[in-house]
Amino acid sequence: MSTLVVVGSQWGDEGKGKITDYLAQNADVVVRSQGGNNAGHTISFGGEKFALRSIPSGIFSPHIKNVMANGMVIDPKQMLEELEGLEARGIKDYQLFISNRAHIVLPYHRLLDGAFEQFKGDKKIGTTKRGIGPAYADKANRIGIRIADLIDPELFKIALSDTLKIKNMELKMVGEEPLDFNSIYNEYKEYGQRIKKYVCDTSELLESEIEKGSKVLFEGAQGVMLCIDHGTYPYVTSSSPTAASVPLNAGIAPRYINNVLGICKAYTTRVGEGPFPTEIEGDLANYIRERGHEYGTVTKRPRRVGYLDAVALNYARRVSGINYLSLMLFDVLSGLEELKICYAYEIDGKVVKTMPATLKELENAKPMYVTLPGFKEDITNVKSFDELPENAKLYIKKVEELTNTKVAMFSVGPDRLQTIKLIEIF
Ligand code: IMP
């Protein structure tokens, strides 16, 4: 049995797409189990760059079964556009399976997402405005519409007419125009018919794949610190990007999960609002932002930048069962005099080594750093740990020590070939 869960161990955008793509070369199945097109996974190979949003990263390899599982919220319109975009660039030979139990994102979700954000004013979450939160809210409220409904015109008609009555009242309340049933129905019924050929019970598919010994890679979206349960609530997404959520969101037994690989940048970034204890500004932040191309894949927003935060990483390790790390964008740190890693927070005069639960404490958290010497050398062509400059080796060792994990791989550039494997985990 060989399964691996890849999770973002910070606030998302850690480079999960790159590592999933790299590991996918050995995989038989790649699964997205939560989130939707709020994710943006950038994958580069053969001099080309692809930005995936809701489609799993195994889509480029014809032998891989790509699964969009029940825990996702899928925007059918966007998903079909994404597929068309891939096909236009020659990615035509792929295998895609969509769960009949996944929920769908409809136009009113996007409108409500934007309206709630505006309503919240300076307390806005900074969402991607893709309707993700409102779609998960409908799921919990038992008025969501699922893929199985979408692909059956009769079921879809009933579900949409029931739900739209409620949603139109909500839209009115936030000052938006109500939506017309017929235009949504006719447009989305068509999408349902185009999607139909991909739809199945993906839980059944996954069990049979795992039982027959296939290599299955679960591709996390977002990051543990954006988890609805364990993240920096309320500045989080509306699903759980932890490894613990995978069995539920993919309909598989928990005992099927072997290893959990946490993806983390050699520094930290965050988009959207919310506390960020190790955040830095000024020249150093700009240096890292420009070298790391730290602009959102989905929204193009400049990302906030900070030092590596081992308190947050250690917490992500605990709540997500991470046993290995992949250190990403390590090359970005070349040229800095010194490197800092936060090992604790000082909150109201106390030294704290775990993530506090309240925003108030997090906002008051002063990071305590270990300072290491930087490295000047360009490391983008390094092919092994031994070829790294001594100070870069020291940095990796310190990350392992402070996070109680092993660094199984590190990355020194966007290309598949710029990935250095230290431990075989999949
Ligand atoms: P939502 O998921 O669009 O509701 O956004 C909620 C929060 O999660 C916002 O701070 C977003 O910026 C953040 N977020 C959602 N998806 C991603 C992602 O894939 N990478 C990084 N941040 C994300």
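The values are calculated or read from the model by the stated rules, or taken from the named source; none is laboratory data. All of these numbers come straight from a predicted model, not from anything done at the bench. Don't worry about glycine lacking a Cβ; one is built from the backbone with ideal geometry, like all the others, and counts go over all protein chains shown. Note: areas computed on protein heavy atoms with side chains; ligands, DNA, RNA excluded. Shrake-Rupley method; radii C 1.70, N 1.55, O 1.52, S 1.80 Å.
Any idea which of Leu83, Leu4 is open to solvent by less than 10 Å² (accessible area, probe 1.4 Å), over 10 Å from the mean Cα position of the chain (by Cα) and free of Cβ contacts under 8 Å to residues at least 40 places away in the same chain? When all the criteria are applied, what remains is Leu83. Restricting attention to region 260-275, the residues being modelled with pLDDT of 95 or more and surrounded by fewer than 24 Cβ atoms within 10 Å (Cβ to Cβ) number 0. Take Ser245 and decide whether it is surrounded by 15 or more Cβ atoms within 10 Å (Cβ to Cβ), touching a residue at least 24 places away in the same chain (Cβ under 8 Å), within 16 Å of the ligand (Cβ to nearest atom) and in a loop (DSSP other than H, G, I, E, B). The answer is no for Ser245. Filtering region 379-426 to residues that are more than 21 Å from the chain's Cα centre (by Cα) and small (Gly, Ala, Ser) leaves Ser384, Ala392.
Sub-8 Å Cβ pairs linking a first residue in region 41-70 that is farther than 18 Å from Ile147 by Cα to a second residue that is among the hydroxyl-bearing types (Ser, Thr, Tyr) and part of a strand (DSSP E or B), at least 6 apart or interchain, are Lys49/Thr42; Phe50/Thr42; Phe50/Ser44; Ala51/Thr42; Leu52/Thr42, ordered by first then second residue. Counting only strands (runs of 3 or more DSSP E) that sit wholly inside region 1-109, those with at least 3 residues that are within 16 Å of the ligand (Cβ to nearest atom) and at pLDDT below 95 are 41-45, 48-52. Of all the numbered requirements in (1) open to solvent by 50 Å² or more (accessible area, probe 1.4 Å); (2) at pLDDT 95 or above; (3) out of contact with any Ser or Thr (no Cβ under 7 Å at 6 or more places or on another chain), Arg304 misses one, and that requirement is (3). Residues of region 117-136 that are within 10 Å of the ligand (Cβ to nearest atom) and either open to solvent by 20 Å² or more (accessible area, probe 1.4 Å) or closer than 30 Å to Tyr198 by Cβ (or both): Lys124, Ile125, Thr127, Thr128, Lys129, Arg130, Gly131, Ile132, Gly133, Pro134, Ala135, Tyr136. Output the residue which, of all residues in region 150-208 that are assigned to a helix (DSSP H, G or I) and acidic (Asp, Glu), is nearest to Glu117 (Cα to Cα). It comes out as Glu170. Applying the condition of being of a type in the set (Asp, Glu) and farther than 20 Å from Asp75 by Cα to region 171-189 and asking which residue is surrounded by the most Cβ atoms within 10 Å (Cβ to Cβ) yields Glu176. Could you please let me know if Val382 is of a type in the set (Val, Ile, Thr) and open to solvent by less than 50 Å² (accessible area, probe 1.4 Å)? Taking the combined requirement at face value, the residue satisfies it. Restricting attention to region 201-242, the residues that are open to solvent by less than 30 Å² (accessible area, probe 1.4 Å) and among the small types (Gly, Ala, Ser) total 7.
Please count how many residues of region 271-296 are under 18 Å from Val236 (Cα atoms) and in contact with a strand residue (DSSP E or B) (Cβ under 6 Å, 6 or more places away or on another chain). Break it down stepwise before answering.
Narrowing region 271-296 to residues under 18 Å from Val236 (Cα atoms): 271-279, 296.
Adding the requirement that they be in contact with a strand residue (DSSP E or B) (Cβ under 6 Å, 6 or more places away or on another chain) leaves 276-279.
Here the count works out to 4.
For first residues located in region 146-168 and among the basic types (Lys, Arg), partners that are in a helix (DSSP H, G or I) and lie 6+ apart or on another chain with Cβ distances below 6 Å form the pairs Lys167/Tyr108. Summed over region 248-273, the residues that are of a type in the set (Lys, Arg) and either within 16 Å of the ligand (Cβ to nearest atom) or under 30 Å from Pro302 (Cβ atoms) (or both) give a count of 2. Considering (1) more than 16 Å from the ligand (Cβ to nearest atom); (2) touching a residue at least 24 places away in the same chain (Cβ under 8 Å); (3) out of contact with any Cys (no Cβ under 7 Å at 6 or more places or on another chain); (4) open to solvent by less than 30 Å² (accessible area, probe 1.4 Å), say which one Ile347 fails and leave the rest. Only one criterion in (1) more than 16 Å from the ligand (Cβ to nearest atom); (2) touching a residue at least 24 places away in the same chain (Cβ under 8 Å); (3) out of contact with any Cys (no Cβ under 7 Å at 6 or more places or on another chain); (4) open to solvent by less than 30 Å² (accessible area, probe 1.4 Å) is unmet by Ile347, namely (2).
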